[in-house]
Amino acid sequence: MQQEEEPKHLGKVRVPHVLTVAGSDSGAGAGIQADLKACSARGVYCSTVITAVTAQNTVGVQGVNVVAEDFVREQLKSVLSDMHPDVVKTGMLPSPGIIKVLCQSLKEFQEALVVDPVMVSTSGDVLAGPLILASFREELLPMADIVTPNLREASALLGGAPLQTVGDMRSAAKSIHDIGPRNVLVKGGDLPESSDAVDVLFDGKEFYEFHSTRIITSNTHGTGCTLASSIAAELARGSSVLSAVKHKDIEKGVQLKCWLIVDVIGLVQSKRYVGSALDYSKDILIGGGRQGPFDHLMKLKHNALPCMRRPFDPSDLLMYAVTDSRMNKRWGRSMSDAVKAAIEGGATIVQLREKDTDTGDFLEAAKTCLEICRRHNVPLLINDRIDIALACDADGVHIGQSDMPACVARTILGPDKIIGISCKTPQQAEKAWIDGADYIGCGGVYPTNTKENNITVGLDGLKTVCLESKLPVVAIGGIGISNVRAVMELGVPSLKGVAVVSALFDRECVLTESRNLLRAIMDSTKAVK
Ligand SMILES: Cc1ncc(COP(=O)(O)OP(=O)(O)O)c(N)n1
Ligand SMILES: Cc1ncsc1CCOP(=O)(O)O
Ligand SMILES: [Mg+2]
């Protein structure tokens, strides 16, 4: 009997998809490269049709090599016929011929269209001449669902009169709308004498103004491309709503209303995203020119902190300091002062275990502690709170048996973060290994007041777990200067150190306690050898 073939898409998820038709920027701040990064940051797949290759950096544009029209057509056909993007976004279109080719393809495939009418690069280099202006006006703009000119582009599209006020921007938006696009967003980032950045949207009926705080930075190269890509990404994400409306063939008025909802929300989100990326990137240094790129994924600075992170080393577990804000408060010190003193006293890894600190305060303190830890090349872990670990880009987390399952934590945190799991039995230790943990914390070894209702495993329980564990082990619970020797002298190779809370932090001087405890640990490890 012939088996029926399963449809290829069964069980697969369709992801939102933007096609960008634009030029390549070798400096990767703008153009195709900005579009790819912006779409990735906004969670949308991005395919690319390259119209020109530019030699470009933070100083300016040194050269442009236009791609042959036929080859632009071929790229368009390859992507549109097979991958069916939800939205097409255009950037640099360097010849009237390329615009014609694009418009033909768009008529055939009927995708939603976001036009960033790139004419002059942010460095002032002209990327599109007067012939292109005519093609924009006559062919491309009438097909656009939204067009996003800056002040200079809006002025060029309308014959050259400068735009100097929000009133001018409104009139320009209306006049450009008359050319044919369904929505016009005139971006006022360059408006003189304005403390905030104002953009004006006109949808043919109403004007909307979007105000945001102006971010003082020279790292703005690619802002226009990024905003347009981000709008395209938002439209692609909302395209299920749009296509539902389109399919039902609802009368034009309702369809427009639906567009507007997607547009306005998408615009607000896009502007907010660009603002956050600019703000994050205001102090990064790439290139020596006047205008630098910014970091679309808002991650680059983590790697630029004083000390680079390194892979987890089990010997980091030797003296493991676990914070407790109640104790530190009692002794009149902040979390970061406590961490600094513990590290100066020799702590080899730090865990922030903050059971009653508000989330906002916890995050801020965690960022400060992370800077201290990075400076000293000491890993920083967060207890229980994967959200905090992600938000501050800590080195990892410590989780217990009733916290987030370790395999889920691993999926969320990725392969490079450190994950520690509390285990009281060999079975739990085995599971921790299967789930992808890096180490286990075993205890309470001795009774403790720090953690309520914690069952004590004793030295025997610790030894049993250490003997069975495939992962390195750190002992915890009631450990201090008086009993650390007994723990370390168990002499099981997987036992790499001790984790302590009150022995360091429920004391007057964290620095002294840390030094003394480290000395005792070192003495006992020497004794074992
Ligand atoms: C190193 C280390 N080991 C064990 C624990 C305890 O974690 P957990 O069982 O999740 O309990 P809480 O600390 O969250 O109360 C730990 N924190 N660190
Ligand atoms: C968090 C934790 N997990 C098991 S025992 C314990 C508390 C350890 O605190 P202390 O070092 O003050 O006994
Ligand atoms: Mg926990």
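Would you mind telling me which numbered condition in (1) more than 15 Å from ligand 1 (Cβ to nearest atom); (2) modelled with pLDDT under 95 Glu452 fails?
(1)
Please enumerate the residues belonging to the range 176-211 that are on the phi < 0 side of the Ramachandran plot, surrounded by fewer than 16 Cβ atoms within 10 Å (Cβ to Cβ) and in contact with a helix residue (DSSP H, G or I) (Cβ under 9 Å, 6 or more places away or on another chain).
Here is the first cut: in the range 176-211, the residues on the phi < 0 side of the Ramachandran plot are 176-179, 181-192, 194-203, 205-211.
Of the ones still in play, those that are also surrounded by fewer than 16 Cβ atoms within 10 Å (Cβ to Cβ) are 178, 190, 192, 194-196, 205-207, 209, 211.
Within the range 176-211, Asp190, Ser194, Lys205, Glu206, Phe207, Glu209 meet the criteria.
Can you name the residue in the range 393-405 that is surrounded by fewer than 22 Cβ atoms within 10 Å (Cβ to Cβ) and away from ligand 2 (no atom under 16 Å from the Cβ) and is also nearest to Leu370 (Cα to Cα) among such residues?
So the first thing to find is which residues in the range 393-405 are surrounded by fewer than 22 Cβ atoms within 10 Å (Cβ to Cβ), and the list is 393, 400-405.
If we keep only those that are away from ligand 2 (no atom under 16 Å from the Cβ) as well, we get 393, 404-405.
Numbers: Asp393: 8, Met404: 22, Pro405: 25 Å.
That would be Asp393.
What number of residues within the range 35-49 are touching a Phe, Trp or Tyr at 6+ places or on another chain (Cβ under 9 Å) and either assigned to a helix (DSSP H, G or I) or more than 13 Å from Leu227 (Cα to Cα) (or both)? Step through it out loud before you land on a result.
Going residue by residue through the range 35-49, those that are touching a Phe, Trp or Tyr at 6+ places or on another chain (Cβ under 9 Å) are 38-39, 41-42.
Restricting the remaining residues to those that are either assigned to a helix (DSSP H, G or I) or more than 13 Å from Leu227 (Cα to Cα) (or both) gives 38-39, 41.
The number of residues fulfilling the criteria is 3.
Would you call Gly478 in a loop (DSSP other than H, G, I, E, B) and either modelled with pLDDT under 95 or not assigned by TED's automatic domain parsing to the domain that holds Ala365 (or both)? Steps first, please.
Numbers: in a loop (DSSP other than H, G, I, E, B): yes; either modelled with pLDDT under 95 or not assigned by TED's automatic domain parsing to the domain that holds Ala365 (or both): no.
Spelling it out, it is not the case that Gly478 is in a loop (DSSP other than H, G, I, E, B) and either modelled with pLDDT under 95 or not assigned by TED's automatic domain parsing to the domain that holds Ala365 (or both).
Could you give me the residue pairs with C-beta distances under 9 Å whose first residue belongs to the range 61-80 and is in contact (Cβ under 8 Å) with a residue 60 or more places away in the chain, whose second residue is polar (S, T, N, Q) and outside any helix (DSSP H, G or I) wherever it lies, and which are 6+ apart or on separate chains?
Val61/Thr54; Val61/Ser121; Val61/Ser123; Val64/Thr54; Val64/Gln56; Val79/Ser47; Val79/Thr48
Residue by residue through the range 424-448, note down the ones that are within 11 Å of ligand 2 (Cβ to nearest atom) and touching a Gly at 6+ places or on another chain (Cβ under 7 Å).
Keep residues of the range 424-448 that are within 11 Å of ligand 2 (Cβ to nearest atom), which gives 424, 441-448.
Lys424, Gly441, Gly443, Gly444, Val445, Tyr446, Pro447, Thr448 - these are the residues of the range 424-448 that are within 11 Å of ligand 2 (Cβ to nearest atom) and touching a Gly at 6+ places or on another chain (Cβ under 7 Å).
Taking the range 16-43 on its own, how many of its residues are more than 24 Å from Gly60 (Cα to Cα), touching a strand residue (DSSP E or B) at 6+ places or on another chain (Cβ under 9 Å) and surrounded by fewer than 24 Cβ atoms within 10 Å (Cβ to Cβ)?
3
So, Gly497, is that one out of contact with any Pro (no Cβ under 6 Å at 6 or more places or on another chain), touching a residue at least 40 places away in the same chain (Cβ under 8 Å) and of a type in the set (Gly, Ala, Ser) or not? Spell out how you get there, then give the answer.
Numbers: out of contact with any Pro (no Cβ under 6 Å at 6 or more places or on another chain): yes; touching a residue at least 40 places away in the same chain (Cβ under 8 Å): yes; of a type in the set (Gly, Ala, Ser): yes.
The answer is yes for Gly497.
What do you reckon, is Ala233 in the same structural domain as Val114 (by TED's automatic domain parsing), part of a helix (DSSP H, G or I) and modelled with pLDDT of 90 or more?
yes
Could you grab me the full set of residues in the range 209-224 that are modelled with pLDDT of 90 or more and more than 16 Å from Ser276 (Cβ to Cβ)?
Ser218, His221, Gly224
Assuming Val88 fulfils every condition listed in (1) part of a helix (DSSP H, G or I); (2) crowded, with 23+ Cβ neighbours inside 10 Å apart from one, which condition is it?
Answer for Val88: the failing condition is (1).
Which one is modelled with the lowest pLDDT, of the residues in the range 93-141 that are surrounded by fewer than 19 Cβ atoms within 10 Å (Cβ to Cβ) and among the charged types (D, E, K, R)?
Here the residue is Asp125.
Taking the range 367-394 on its own, how many of its residues are in contact with a Lys or Arg (Cβ under 6 Å, 6 or more places away or on another chain) and not polar (S, T, N, Q)? Can you show your working first?
Pass one, the range 367-394, residues in contact with a Lys or Arg (Cβ under 6 Å, 6 or more places away or on another chain): 372, 383, 392.
In the following step, the residues that additionally are not polar (S, T, N, Q) were identified as 372, 392.
So the answer is 2.
Given the options Ala432, Ala391, name the one that is at pLDDT 95 or above and assigned to a helix (DSSP H, G or I). Walk me through it before giving the result.
On the way: Ala391 fails: at pLDDT 95 or above.
Criteria check complete, one pass: Ala432.
Please give the number of the condition Ile455 fails out of (1) more than 16 Å from ligand 3 (Cβ to nearest atom); (2) farther than 20 Å from Phe312 by Cβ; (3) surrounded by fewer than 18 Cβ atoms within 10 Å (Cβ to Cβ); (4) among the β-branched types (Val, Ile, Thr).
Only one criterion in (1) more than 16 Å from ligand 3 (Cβ to nearest atom); (2) farther than 20 Å from Phe312 by Cβ; (3) surrounded by fewer than 18 Cβ atoms within 10 Å (Cβ to Cβ); (4) among the β-branched types (Val, Ile, Thr) is unmet by Ile455, namely (1).
Within the set of pairs 6 or more residues apart or between chains, which connect a residue that is under 23 Å from Pro181 (Cβ atoms) inside the range 203-226 to a residue that is assigned to a loop (DSSP other than H, G, I, E, B) and of a type in the set (Ser, Thr, Tyr) with Cβ atoms less than 9 Å apart?
Here the result reads Gly222/Thr122; Thr223/Thr122; Gly224/Thr122; Gly224/Thr148, each pair linking the range 203-226 to a residue that is assigned to a loop (DSSP other than H, G, I, E, B) and of a type in the set (Ser, Thr, Tyr).
With the checklist (1) over 20 Å from Gly478 (Cα atoms); (2) among the polar types (S, T, N, Q); (3) in contact (Cβ under 8 Å) with a residue 60 or more places away in the chain in hand, flag the one item Gln427 doesn't pass.
Tallying (1) over 20 Å from Gly478 (Cα atoms); (2) among the polar types (S, T, N, Q); (3) in contact (Cβ under 8 Å) with a residue 60 or more places away in the chain, Gln427 fails exactly one: (3).
Looking at the range 459-474, is at least one residue away from ligand 2 (no atom under 12 Å from the Cβ), at pLDDT 95 or above and hydroxyl-bearing (Ser, Thr, Tyr)?
yes
Here are some residues: Asp384, Asp403, Asp361. Which one is in the same structural domain as Ile479 (by TED's automatic domain parsing), within 16 Å of ligand 3 (Cβ to nearest atom), without any contact (Cβ under 8 Å) to a residue 40 or more places away in the chain and farther than 22 Å from Pro314 by Cα? Reasoning before the result, please.
Numbers: Asp384 fails: farther than 22 Å from Pro314 by Cα; Asp361 fails: within 16 Å of ligand 3 (Cβ to nearest atom).
None of the other options fit; the residue is Asp403.
Would you pick out the residues in the range 50-66 that are outside any strand (DSSP E or B) and buried (at least 19 other Cβ atoms within 10 Å of the Cβ)? Steps first, please.
Our first condition is that a residue be outside any strand (DSSP E or B); within the range 50-66, this holds for 57-60.
Correct list: Asn57, Thr58.
The values are calculated or read from the model by the stated rules, or taken from the named source; none is laboratory data. Quick caveat: nothing in here was measured; it's all calculated off a predicted structure. A quick note on method: Cβ atoms are made from the backbone with ideal geometry, for glycine too, and the neighbour counts reach across all protein chains shown.
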